[in-house]
Amino acid sequence: MERTIGFKERRYIEELRILTRATALDCVIDERFERVIYVIKQGDMGLAIGKKGDNIRRLQSVLGKKVEMVEHSEDLFQFISNMFKPAELIGIDGPDAEGTVKIIVRQKSDLGIAIGKGGTTIEKARVLLRRYHNLEIGDVIVGGGASAST
C-alpha cells in the first residue's frame with residue numbers, strides 16, 4: 001500500500017505540530033474505529049504525549065476523535081513492537097514467502113492486549129505494516145505455544 005497523505009491528514013499533522021511541537025511522519029484517519037493514528041518521529045514520543053498525556057487529551061478535544069500514537073523505527077521488530085505497546089513482544093517470525101509476519105508475545109495475558117478491544121490494536125498494526133513495509137500480520141502467538149488466529 002502506498003503512503004499518501006491527503007489534505008485532512010496534513011491538517012491533522014499540522015495540528016499535532018502546533019499543539020505539541022512533535023513531528024508526525026504520517027497520519028491515518030481510521031473511520032471504522034473513529035480514531036486518528038499518528039506515526040511519530042523517533043525520539044519525539046515524549047513530546048507528542050506530553051506530561052501525563054495532556055497533549056493527547058488536548059488533541060482529542062480539538063479533533064473530536066480518539067488519538068493513538070506509534071513511534072516510528074527503521075528497525076522492523078522495534079516498529080512492530082511500538083505498534084503493539086503495552087503488550088510485550090519477544091519476537092517476530094518472518095516475513096515468509098507470502099509477506100506474512102507472525103507476532104510472538106511474552107505471555108498469554110499479552111495476547112488480548114495485542115489484539116485489542118474489538119481488534120483495534122491488531123488492525124492499527126495491519127494498516128501501518130502494509131503502509132510502511134508492504135507486509136501482512138498472521139497469527140499472534142505466545143512465546144512457547146498458544147496462538148490467536150486473526
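Values in this text are rule-based calculations from the coordinates and carry no lab data. These numbers come from a predicted model, not from an experiment. No Cβ is skipped: glycine too gets one built from the backbone with ideal geometry, and neighbour counts run over all protein chains shown.
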Residue farthest toward the positive end of the dipole of the range 1-110, with Cβ of Lys/Arg at +1 and Asp/Glu at -1: which of GLN42, ASN82, ASN55? ASN55
Quick one: which of LYS41/LYS108; LYS52/LYS102; LYS8/LYS41; LYS51/LYS85; LYS8/LYS52; LYS8/LYS66 span more than 22 angstrom between C-alpha atoms? LYS41/LYS108; LYS52/LYS102; LYS8/LYS52
For the chain, the charge dipole (Cβ of Lys, Arg +1; Cβ of Asp, Glu -1; about the Cα centre) points to a positive end, and the Cα of GLY118, GLN107, SER73 closest to that extreme belongs to GLY118
Using the Karplus curve 6.51 cos²θ - 1.76 cosθ + 1.60 with θ = phi - 60°, work out ³J(HN,Hα) for each residue of the range 101-112 in order, rounded to whole Hz, and write x for Gly and Pro. 10, 8, 9, 10, 9, 5, 9, 4, 5, 6, 4, x
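Subtract the Cα-Cα distance of GLU34 and LYS51 from 0.36 nm times their separation in residues, and report this length gain in nm to one decimal.
Working: separation 17, 0.36 × 17 = 6.12 nm, distance 2.44 nm.
Extra length available between GLU34 and LYS51 comes to 3.7 nm.
Using DSSP, restrict attention to beta bridges with both residues in the range 39-150 and report what percent are antiparallel, rounded to the nearest 5. Present the calculation step by step, with values, prior to reporting the outcome.
Details: 6 of 13 bridges.
Of the beta bridges lying entirely in the range 39-150, close to 45 percent run antiparallel.
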³J(HN,Hα) across the range 91-99 via Karplus (A = 6.51, B = -1.76, C = 1.60, θ = phi - 60°), whole Hz, x for Gly/Pro? x, 10, 10, x, x, 7, 4, 8, x
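Given +1 on the Cβ of Lys and Arg, -1 on the Cβ of Asp and Glu, and no further charges, what dipole in debye does the chain carry about its Cα centre, rounded to the nearest 20? Spell out each step's value before the answer.
Values: 24 positive and 22 negative charges, 156 e Å.
The dipole of the chain has a size of about 740 debye.
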Taking every DSSP beta bridge with both residues inside the range 7-71, roughly what % is antiparallel (nearest 5)? 50 percent
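More than 18 angstrom separation, counting every C-alpha pair in the range 7-71; what % is that? Walk me through the numbers before you get to the answer.
Numbers: 445 of 2080 pairs.
Tail of P(r) above 18 Å: 21 percent of Cα pairs.
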GLY91's amide H: which non-local residues (gap 5+, or another chain) put their own amide H closer than 5 Å, with H modeled 1.01 Å from N in plane and none for Pro or chain starts? ILE104
Along its three principal axes, how long is the chain when you only count alpha carbons? Whole Å, largest extent first please. 45, 33, 28
Using a ≥ b ≥ c from the Cα gyration tensor of the range 63-146 (square roots of the eigenvalues), is it rounded, prolate or oblate, where a/c under 1.5 gives rounded and otherwise the larger of a/b and b/c decides, a/b for prolate? oblate
